[in-house]
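Worksheet: the structure to be examined is printed underneath.
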Amino acid sequence: MPKNFVVDPVEVRLQDELKLGSIPINQYRQDFKAEAARFGVEELRRMWIDMVTIREFENMLSSLKTTGAWQGISYNHKGPAHLSAGQEAAAVGQCAALAPEDQVFGSHRSHGEILARCLASVRRLPEQEVQSIMEHFLGGETLRAAEKIPHGNLRELGVSFVLYGTLAEIFARKDGFNRGLGGSMHAFFTPFGSYPNNAIVGGSADIATGAALFKRINRKPGIVVANIGDASMGCGPVWEAMCLAAMDQYRTLWPKEVGGAPPILFNFFNNFYGMGGQTNGETMGYQVLARVGAGVNPENMHAERVDGYNPLAVADAVARKRALLINGKGPVLLDTLTYRISGHSPSDASSYRSKEEIEAWRAADAIDSYGAYLVEHGATTPGELETMREAITGRLVDVVRLVTGDATEHRVTGAFVESVMYSGQRAERLDDRAPELLQPIAENARVKALATKSRSAFDAEGKPVSKNKLYQYRDGLFEAMLHRFTIDPTMAAWGEENRDWGGAFAVYRGLTEALPYHRLFNSPISEGAIVGAGVGYALAGGRAVVELMYCDFMGRAGDELFNQAAKWQSMSAGLLRMPLVIRVSVGSKYGAQHSQDWTALVSHIPGLKAYFPATPCDAKGMLNLALAGTDPVVFFESQLLYDIGERFEPVPEGYYETPEGEPAVRKQGTDLTIATLGATLYRALEAAEMLEKEHGISTEVIDLRFVTPLRYEKLVESVKKTGRLVLSSDACERGSFLQTVASTVTQLAFDYLDAPVAVVGSRNWITPAPELEEIFFPQKEWLVDTIHERIVPLAGHRCTTTQTPGELLRRCRAGV
Ligand SMILES: Cc1ncc(C[n+]2csc(CCOP(=O)(O)OP(=O)(O)O)c2C)c(N)n1
Ligand SMILES: [Mg+2]
C-alpha cells in the first residue's frame, strides 16, 4: 500500500451522505441533418446494408441448422449457431463510431459483431491496406476463395472476403478466419479490429481490459470494447474486470504521460435474457443494468442506457464515450438495449417468453424502422432498399455455395492442430522502445546486495553459508524478472501486493525502486481478472507476468487459466501469441486452502506449459526461459524453497536458460531411481543417503523440473539402468501428475522394470495445520518404507509407516 494516501479516522468517520448522481436513459434525440453531416448520407445507407447483411447471414444459418437447406443449398452444419437476429442495430451503431485501431472483443453471440466490425473496417481503412491485409492473410487462401464471388471493386471484394472468412470459420474450413479451429463462437479477425470472441460468457471482460492496459502502458492509440450479454453481468470475472479497470492508481499514482485509465468500454448488449432466465424481474436485481456503474467508481463508470434499436443512438453514445476513454477517463459502461428475436440457439423453443413480446419487438424491428427513417429523410427509397436487400442475398448465396461446396476437402489436419498448440517462439523484446526504468540497475539496492551474496549454499570448505549471506531461490526469480524488464519494454507485472510489499514472498523486493507504476502494480483481489488481463495483454502484443499468491487461488482464476490462457493460441490457429507467465506458489503452513500443489490440473489442460524449479539455479534459468518464450507458462514455486541456497552448482551471475523439458540428475546411482517434482527433491536426497548408508543401495535422484513439456529420455535411461522407480511430489497422490509419469515410464521401459513404479505423494486429504504436516506431506521415511514394501525388500528395515499394497487398496476403497 503506497503511503501517499493517509486514512484519517476523523475524516472517514464523519457523518455524511453518499450522492450517486444520475445515469442517463435513452437520451438520444434524432436529428437527421446532424447525423448526415456527421456520417455522410452514403454511410447512413451503408449502416442499413450492414444491418441487413447480418440479418440475412443469421437467417441463413438458422435455416441451415433447422432445415438443412437455404436458398436451394443443402448443408449439415454440425456445430453451434447462436444467432443475433434483432441485435443488428446495436452492433452496427457501435462500429460506426469506432476507428480502425479500436479493438472489439465479444461473446458467443458474435456473428453480427464480427461482421459489423469487419464491414466497417473494409470501408474505412485505406484501400491499399485492405488489399494488403487480404493478400497476406493465410497466404492469400481466403482471398483466393472470395475472389470467385463477382465484385465491382476492392471494397466489394472486401465484403465477400469478410462474409466468406466468417462463414468458412463457422463451418470449420481451413480458409476460415481461424482455419476452422475457432468456429462459430470464437471466430475473429484482428486485422479488421474484431478480436477474440468468447464462448465463456463474460469471458471477454477481463481479457479486453488486459488489451486496454496494453494500449495504455505501451501508448498505443484507440480503445477496446468488451461486448457482454446482460445476464453475464452476474459473472464474477466481469465485476473483477470492472474493478481492475477502475482502479484509482491510474490517476493518482501512474505517470501522467501514460495517459490515465485503460481505455475500456464495457458494452452490455442488453437483450433482457440469458438463455431462458430473464434478467429484469427474475435473475438479476439491477432492473436497469446501467445502475451497476454506480457501484464501481464516483463517475458511475459514465454509465448510460442507450436505445440499441436505433443505430444512430448507439453510434452517438459510443463516440462520446470513446472521447472520454481516449482522455484516460474510463472505464465506461454502456447498457445497450436490444432484443434477440431469434432463439438463443436453433433448439430454443422460446418457452420462457410470450409470442406477444416477440411480436412487439418484431413490430419495432430496427432494420424496418431505420430503413423507414432513411426513406423519410430522402436518403433512399423503398425500391432502392429492396434492390440493396436483393444484392445482399445474392452475394450471400454465392458465399454459402462456395463455403459448403467442397467443405470436407478443406479441413486442417491433426498435424496442423498439433503445430499450433504452442507458438514456441523466442522473443527478446516485443517492442523496440527503450524499457522504462526509474534507476540505473547498478544502483538498485537489491542488485547491490545480491553482489555480496554467496551463490552457493556452501563455502569453500563445504560448510553451509549463513542465511543472511545466502543467494536464495527468490533471488534467482528476481534476477530473471529484472533481466527481462530491462530488455522488453512491454513487460508488465501485476498481482496482489506486488509493488511496495515486494510480491507475496518478497520475490519482487527491489523492483518497486526500479520500475514505474505502470510496469509493476498492485491489483484488486481479483484472481480471475489478474490472469484474464494477462491473457488480453499478451494476445494484444505485450509480455505479462501475473502472480497468484497461492496455487489454491487458481480456483478463482480457473476459466482464465484453463479456457483462456491455455486455448487462444490454438483456437486462433496460431495467429495469436500468448507470452504470459503465471507465477503461483505451492504453500505450506497455511492449511487446507493455501497449500495444495495443483500441477496435475495444469498438466491436464492442453496448451499450457508448466515449470516447477526446485533450486535457485533453476528458479533463475527456468524463469529466464519462460520470459523469453511466447507461450503461457504456469510457473510453480514452492514456499518451502524460497529461502534455500544452491546446493548443486553456483548460480551463474549472467544470463542463462535451463533447457526446456529436461530433467536434471541431482545424484547419480545404479540400483534405484527416485524422481521428484518440486520440494520433495531434498527429502529424496535424504532418503537416498539413508538407502546408501543403511542398505548399500545406490540411488539416482532426478529432479523432473518440468511438467509440460517433459522430455522422458533421461528418466527412461535411468530406469533402464536401475530397473526401479519411485516418484514423489507434494501433490495429493490420487490423480497427481506423477501418476502420469508413472504410467508413461511403465509404457516406455516396461521390459526394464524389476518392480512396479511407485508414486509417493501427499495423502488424499486436506492439508492440515503445520503441526500436522508430517502426517500429510511425503517424508523420507515414506519413500524408504514404500521401497521396502513395494519395490525391493530392505534387509533389516523396520517400517515406521504403512505403505503396503494392502494399505494402498484400503485407501482407494475408502477414497482417501
Ligand atoms: C460461463 C458460462 N456459463 C454458462 C454458459 C451457457 N450460456 C451460453 S449463452 C448463455 C446466456 C448468456 O446470456 P447473456 O450474457 O445475456 O448473453 P446473450 O445470450 O443474451 O447474448 C448461457 C447461460 C456459458 N457459455 N458460459
Ligand atoms: Mg442477454
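The values are calculated or read from the model by the stated rules, or taken from the named source; none is laboratory data. Model, not experiment: these values are computed from the prediction. Glycine gets a Cβ as well: all are built from the backbone with ideal geometry, and neighbour counts include every protein chain shown. Just the protein is used for accessible areas: all its heavy atoms, side chains included, with ligands, DNA and RNA removed. Shrake-Rupley method; radii C 1.70, N 1.55, O 1.52, S 1.80 Å.
General observations
Table: residues versus (1) under 26 Å from Gly182 (Cβ atoms); (2) surrounded by fewer than 24 Cβ atoms within 10 Å (Cβ to Cβ); (3) more than 18 Å from the chain's Cα centre (by Cα); (4) of a type in the set (Gly, Ala, Ser).
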{"position": "Ala199", "(1), (2), (3), (4)": "yes, yes, no, yes"}
{"position": "Ile207", "(1), (2), (3), (4)": "yes, no, no, no"}
{"position": "Val224", "(1), (2), (3), (4)": "yes, no, no, no"}
{"position": "Glu257", "(1), (2), (3), (4)": "no, yes, yes, no"}
{"position": "Ala261", "(1), (2), (3), (4)": "no, no, yes, yes"}
{"position": "Leu265", "(1), (2), (3), (4)": "yes, no, yes, no"}
{"position": "Asn271", "(1), (2), (3), (4)": "yes, no, yes, no"}
{"position": "Gly274", "(1), (2), (3), (4)": "yes, yes, yes, yes"}
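- The condition of being open to solvent by less than 30 Å² (accessible area, probe 1.4 Å), without any contact (Cβ under 8 Å) to a residue 60 or more places away in the chain and within 21 Å of Met185 (Cα to Cα) holds for Met233.
- Exactly one residue out of Arg724, Arg790 is free of Cβ contacts under 8 Å to residues at least 40 places away in the same chain and of a type outside the set (S, T, N, Q): that is Arg790.
- Options Ala199, Ala241; residue that is outside any loop (DSSP other than H, G, I, E, B) and of a type outside the set (D, E, K, R): Ala241
- Pairs linking a residue in the range 761-781 that is within 14 Å of Gly591 (Cβ to Cβ) to a residue that is among the basic types (Lys, Arg) and modelled with pLDDT under 95, with Cβ atoms under 9 Å and 6 or more positions apart or on different chains, are Ala769/Lys589; Pro770/Lys589; Glu773/Lys589.
- Within the range 283-306, considering residues that are open to solvent by 10 Å² or more (accessible area, probe 1.4 Å) and within 12 Å of ligand 1 (Cβ to nearest atom), the one nearest to Val224 (Cα to Cα): Met284
- In the range 397-430, of all residues being without any contact (Cβ under 8 Å) to a residue 24 or more places away in the chain and among the acidic types (Asp, Glu), the one that is nearest to Leu576 (Cα to Cα) corresponds to Glu418.
- Residue ID - farthest from His77 (Cα to Cα), chosen from residues in the range 376-396 that are open to solvent by less than 50 Å² (accessible area, probe 1.4 Å) and in contact (Cβ under 8 Å) with a residue 40 or more places away in the chain: Ala379
- A single member of Ile54, Ile23, Ile49 is outside any helix (DSSP H, G or I), open to solvent by less than 90 Å² (accessible area, probe 1.4 Å) and hydrophobic (A, V, I, L, M, F, W, C), and it is Ile23.
- Summed over the range 332-356, the residues that are open to solvent by 50 Å² or more (accessible area, probe 1.4 Å) and of a type in the set (D, E, K, R) give a count of 2.
- Restricting the first member to the range 262-273 and to residues that are within 14 Å of Glu299 (Cβ to Cβ) and part of a strand (DSSP E or B), and the second to residues that are within 8 Å of ligand 1 (Cβ to nearest atom) and open to solvent by less than 10 Å² (accessible area, probe 1.4 Å), the beta-carbon pairs closer than 9 Å and six or more apart or on different chains are Phe266/Ile228.
- Residue in the range 557-575 that is in contact with a strand residue (DSSP E or B) (Cβ under 8 Å, 6 or more places away or on another chain) and open to solvent by 10 Å² or more (accessible area, probe 1.4 Å) present: yes
- One residue stands out among those in the range 276-295 that are in contact with a Phe, Trp or Tyr (Cβ under 8 Å, 6 or more places away or on another chain) and in a loop (DSSP other than H, G, I, E, B): the one that is farthest from ligand 2 (Cβ to nearest atom), which is Gly276.
- Search result, residues across the range 260-274 that are touching a Phe, Trp or Tyr at 6+ places or on another chain (Cβ under 9 Å) and more than 9 Å from ligand 1 (Cβ to nearest atom): Gly260, Ala261, Pro262
- Selection count, the range 583-606, where residues are open to solvent by less than 10 Å² (accessible area, probe 1.4 Å), over 13 Å from Leu640 (Cα atoms) and hydroxyl-bearing (Ser, Thr, Tyr): 1
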